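Reviewing the structure listed below.
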Amino acid sequence: MAPPRPTNRHASLRRIKEPQDGRAIDDALILWLQGPKTETGEDMAELHLHGSPAVVKAVLAALGRFPECRLAGPGEFARRAFANGKLDLAQVEGLADLIDSETEAQRHQALAQMRGALSNLYEGWRRSILEASALMEAAIDFSDESDVAGDAAERALAIVRELRHQILAHLDDGHRGEILRDGFRVVLAGPPNAGKSSLLNALARRDAAIVHEEAGTTRDVLEVRLDLEGLPVIVTDTAGIREATGAVETEGIRRAMTHVREADLVLWLNDSTGDAVPPPPELLSRGPEFFAAVATKIDLAGAPPPPDAVPISVKTREGLARLTATIASLAADRVGSTETPAITRERYRSHLETCLEALEGFLGGNTADYELRAEELRQAAQALGRITGRIDVEEVLGEIFGRFCIGK
Ligand SMILES: Nc1nc2c(ncn2[C@@H]2O[C@H](COP(=O)(O)OP(=O)(O)OP(=O)(O)O)[C@@H](O)[C@H]2O)c(=O)[nH]1
Ligand SMILES: [Mg+2]
């Protein structure tokens with residue numbers, strides 16, 4: 001369609017032609033990228049077309065006339081990159097997150113993961129386990145020479161103790177990576193008419209929710225996504241919490257309470273012109289970092305708002321900047337530094353927990369039972385290998401026997 005084939009890695013300006021009749025489709029830059037130094041590891045060609053739907057459609061139609069050409073399926077490039085060892089599973093997931101990222105902090109975390117921040121951490125741990133495994137294999141082989149065996153087993157124990165410590169610290173991260181990936185969830189709750197929907201609209205800067213002087217206006221749960229200083233924040237408006245007057249409102253309040261329980265932060269709103277309604281006890285019992293009181297409609301209030309509440313007026317926008325700054329700083333505290341890699345998916349957490357369980361089985365096992373304890377290590381290494389997609393037993397054996405010349 002654009003002969004001759006350009007030099008490897010050199011952009012060339014070519015006329016793209018219809019293969020059957022030679023009709024010109026577009027003038028474009030084309031690139032020929034020879035594997036294996038490409039995204040998928042395979043040979044690739046790139047056509048930098050003028051992006052109109054008509055040009056793209058004509059080129060795709062022309063390509064479709066070659067029997068060996070077809071459109072890629074979803075994720076097919078990433079899948080090939082994985083199959084050819086260009087990216088491991090955690091990196092592929094980082095790539096997916098990078099494509100979906102909406103804020104700076106999300107982009108930062110996803111890019112680090114795609115570049116292997118988590119993979120390197122987990123692979124490093126897996127190598128330590130393999131090292132301990134090799135020592136246990138040595139202990140088994142030399143079990144008739146008890147001091148040699150005992151010494152090897154002791155060294156394996158020291159490695160695993162240190163590793164256990166590191167994995168525990170990594171797991172105890174307050175879910176910061178997941179919060180950053182999925183968004184910091186702020187729920188607006190409080191009695192009816194407190195001004196929850198008005199605040200949602202003010203934060204979103206649009207009329208997302210219906211606002212009305214009638215108590216019990218909101219029944220459904222409504223979400224808006226905000227970017228607060230680079231952090232993704234999902235603000236949810238809920239039904240006012242009170243003794244409900246009907247089935248629909250009861251359901252609305254049930255949904256409100258579900259969101260309150262799962263929120264990363266609940267803003268409990270009260271109309272500052274009336275008596276403040278205290279939040280439900282189960283909300284306070286989650287701890288002070290999950291809760292902030294807000295006194296609304298201060299443009300109307302005669303008495304000063306309670307000192308422990310953030311005073312706001314949606315009407316005059318007074319206090320809104322302070323409230324958003326409070327939300328942003330609480331979110332930033334929870335997400336913490338993005339410099340050290342954090343767990344970004346439940347999948348990793350569950351494999352890490354399996355790994356930890358096996359390591360604890362190893363540490364708590366009978367000292368002399370080398371075979372059983374070596375098996376715990378194999379399981380621990382496998383659990384970590386599942387995160388990156390490296391669970392090849394041959395590779396594990398190769399690494400053990402390649403580095404420690406036990407036969408000698
Ligand atoms: N003057 C004044 N009125 C406000 C302010 N915020 C909300 N209101 C009014 O208070 C009433 C209730 O506001 P909503 O935002 O619907 O309250 P809500 O908490 O969502 O109420 P429900 O959905 O019924 O639980 C409306 O008439 C709003 O216009 C404010 O800052 N100042
Ligand atoms: Mg409402």
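The values are calculated or read from the model by the stated rules, or taken from the named source; none is laboratory data. Remember, predicted model here, so these are calculated numbers, not experimental data. Here Cβ is always computed from backbone atoms with ideal geometry, including for glycine, and neighbour counts include all displayed protein chains.
General remarks:
- Matching option when the condition is away from ligand 1 (no atom under 13 Å from the Cβ), touching a residue at least 12 places away in the same chain (Cβ under 8 Å) and farther than 26 Å from residue 332 by Cβ, among 161, 181: 161
- Checking 194, 209, 156, 215 one by one, the residue that is within 11 Å of ligand 1 (Cβ to nearest atom) and in contact with a Phe, Trp or Tyr (Cβ under 9 Å, 6 or more places away or on another chain) is 194 and no other.
- Subset of the stretch 285-319 (residues that are under 14 Å from residue 189 (Cβ atoms) and either in contact with a helix residue (DSSP H, G or I) (Cβ under 9 Å, 6 or more places away or on another chain) or polar (S, T, N, Q) (or both)): 286, 290, 291, 292, 294, 296
- The residue list 118, 130 contains one member that is surrounded by 15 or more Cβ atoms within 10 Å (Cβ to Cβ), touching a Ser or Thr at 6+ places or on another chain (Cβ under 8 Å) and not assigned by TED's automatic domain parsing to the domain that holds residue 45, which is 118.
- Selected residue [not hydrophobic (A, V, I, L, M, F, W, C) and not assigned by TED's automatic domain parsing to the domain that holds residue 278] from 357, 318: 357
- Residue among 215, 256, 244 that is at pLDDT below 90, farther than 21 Å from residue 312 by Cβ and either of a type in the set (A, V, I, L, M) or out of contact with any Cys (no Cβ under 6 Å at 6 or more places or on another chain) (or both): 244
- Residue-level analysis places residue 285 among those that are over 29 Å from residue 105 (Cβ atoms) and more than 14 Å from ligand 1 (Cβ to nearest atom).
- Restricting attention to the stretch 157-202, the residues that are β-branched (Val, Ile, Thr) and more than 16 Å from ligand 2 (Cβ to nearest atom) add up to 4.
- Test: residue in the stretch 65-83 that is in contact with a strand residue (DSSP E or B) (Cβ under 8 Å, 6 or more places away or on another chain) and assigned by TED's automatic domain parsing to the domain that holds residue 17: no
- Boolean, residue 346 is modelled with pLDDT of 90 or more and either among the charged types (D, E, K, R) or within 16 Å of ligand 1 (Cβ to nearest atom) (or both): yes
- The stretch 48-63, residues that are free of Cβ contacts under 8 Å to residues at least 40 places away in the same chain and surrounded by 17 or more Cβ atoms within 10 Å (Cβ to Cβ): 49
- Among the residues of the stretch 37-80, those identified as assigned to a loop (DSSP other than H, G, I, E, B), over 19 Å from residue 20 (Cβ atoms) and of a type in the set (Asp, Glu) are 39, 42, 43.
- Among the candidates 185, 161, 176, 181, the residue that is in contact with a helix residue (DSSP H, G or I) (Cβ under 9 Å, 6 or more places away or on another chain), among the basic types (Lys, Arg) and farther than 30 Å from residue 279 by Cα is uniquely 161.
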